[in-house]
1. Using r as the Cβ-Cβ distance of residue A:201 and residue A:73, and R0 as 22 Å, what FRET efficiency do you calculate, to the nearest 0.05?
2. Within the stretch B:27-58, find all residues whose amide N lies under 18 Å from a label point positioned 7 Å from the Cα of residue B:98 along Cα-to-beta-carbon.
3. In whole Hz, with x marking every Gly and Pro, tabulate ³J(HN,Hα) for the stretch A:97-106 from phi via Karplus 6.51 cos²θ - 1.76 cosθ + 1.60, θ = phi - 60°.
4. Take the Cα radius of gyration of the stretch A:154-236 and divide it by 2.2 N^0.38 Å, with N its residue count; two decimals is plenty.
5. If the label point is 7 Å along Cα→Cβ of residue B:48, which residues in the stretch B:105-122 have backbone nitrogen under 14 Å from it?
6. Evaluate E = 1/(1 + (r/R0)^6) for residue A:12 and residue A:223, where r is the Cβ-Cβ distance and R0 equals 41 Å; express this FRET efficiency to the nearest 0.05.
7. What does the convex hull of the Cα atoms of chain B come to per residue, in Å³, rounded to a whole number?
8. Ordered by residue, what ³J(HN,Hα) values in Hz, to whole numbers, does the stretch A:50-61 give under the Karplus form 6.51 cos²θ - 1.76 cosθ + 1.60, where θ = phi - 60° and Gly and Pro are x?
There are 2 protein chains.
Amino acid sequence: MDVLKSAAPSNFCDTCTVRNRAICSDLTRDELNALNGIGRQRKLRAGEQLIWEGDEAVLVANVIDGLLKLSSQTSDGREQILGIAYPSDFLGRPFGGSTPYGVEALTEAQVCVFERRDFDRFAREHPRLEHKLLERTLSELDRTRKWMLLLGRMNAEQKIASFLLQVADRAGDSDTGEEDRVTFDLQLSRQQIADVLGLTIETVSRQMTRMKSQGLIDLPSRRTVTILDRYALEDRAE
Amino acid sequence: MDVLKSAAPSNFCDTCTVRNRAICSDLTRDELNALNGIGRQRKLRAGEQLIWEGDEAVLVANVIDGLLKLSSQTSDGREQILGIAYPSDFLGRPFGGSTPYGVEALTEAQVCVFERRDFDRFAREHPRLEHKLLERTLSELDRTRKWMLLLGRMNAEQKIASFLLQVADRAGDSDTGEEDRVTFDLQLSRQQIADVLGLTIETVSRQMTRMKSQGLIDLPSRRTVTILDRYALEDRAE
DNA sequence: CGAAACTTTGAGAGGGTTCAAGATGAGTGG
DNA sequence: CCACTCATCTTGAACCCTCTCAAAGTTTCG
């Protein structure tokens, strides 16, 4: 029995929950084993930093579980969140250069980490992996550009409404019922929401309170939102 | 003579000025011929639209010469420029999906256009091309994220200063002399600068006039800027 | 139960927008 | 070459949204 087991060596990819969604999804069994050989899993506590802004990029990673933020700071310490990484998302900057933003866990998180040099070499030898990474990067670029319109041209109300709708869609699977009455967890503090939207914490708070008093949303707890009138909310978002 | 000529068929890549910088740069002679077969050159007048926002992505392109803008609009018609494409940059959205932004020539421009389906197939068969495209997309994503910090967290003065420094660096080769006295052409109208920075035309105008009166810059003509005190300008940028 | 962190609420100030008018410059045809 | 026109840019004044500063309220967690 033991002999049989060792003939098929254990591999943490086997139990990976994002195995079919992350960039590894097109790899063969052998390729997966090779990749497994250069990576390691790592657990992060909420608030723990994985990559520092401006560091030479020494590692890249796949998100397995949890939420992480990519962020950058002005010289006077104000922060802008550049993106939120969800399970199956790819983190870091392969192929040279430094990472121009920091990566920090927002919740407890599980990531699959690679030394960048190892990953770079592996990627160059496996075009299917590079292709997956390319598709992912193109989508991320689209999403980021869409966010620029929000940052550059929307007022506070539009920003909050867009944000709530986006989080609702992304966390969508959770609650349901009628189409326009969804409850979901924000996962972010008011300060973090402000840092995503380029606002202050007070403005975020006021806008959300206002939307609640207008019956667009409900706020059952600090980090929970119920959308009561999705249609009206979409109206405010544009 | 004619026989010899036809043995080495002419190929517009041969005379391409961005041949060694664009994503085609790693291709062999044969590959280049194949790519040449599916592409065509196209000339655009200033203001001409190459891709419309929200269109299903039917074509992609390399910029050979000129400047183009990627931009998106709010429902009430206000515009946000998401990026400027320079010669050797790649345009469009390969591998499915629609292009969530419009592409329009800012100056007279020359592009090398491909049907997206043709390009997709070619790319998948040529990993070196995909690799180039991946590196380029990763760089573009970095640049775009850097811009988010500007849009979300900087005031008008910081935005203008950052913008002028960035244009100066990108157009850098032109004039010179001392290190901190560069003259360059903006290529953009005040309105377009406003659309890049998420400001109004009036704010852009006021800030630039103010910087001129403070001796940071000079404005020899409407679209020309001279940086008189680069150090001070860098100070304003942060 | 008490302290610390986070959120809400209020009042006031300021930066950027809006609306409006005037100035400048480029292109056109007489 | 000069007037004329149109688009672009500058300047001014008033307003408003968001920020700032401050304090009170709420939740969380030891």
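Bear in mind these aren't lab numbers, they're just calculated from the coordinates by the rules spelled out. The model shown is predicted, which means the values in this text are computed figures rather than measured ones. Cβ sites come from the backbone with ideal geometry, for glycine too, and all protein chains shown count toward neighbours.
1. Efficiency computed from Cβ-Cβ geometry: 0.85.
2. Backbone N within reach: B:50-58.
3. After applying 6.51 cos²θ - 1.76 cosθ + 1.60, I find x, 9, 8, x, 7, x, 10, 9, 6, 8 Hz.
4. Taking N as the residue count of the stretch A:154-236, the ratio is 0.98.
5. Answer for the stretch B:105-122: B:105-113.
6. In this case the efficiency is close to 0.85.
7. So the per-residue hull volume is 150 Å³.
8. Going residue by residue, I get 9, 9, 9, 4, x, 4, 4, 5, 10, 9, 10, 7 Hz, with x marking Gly and Pro.
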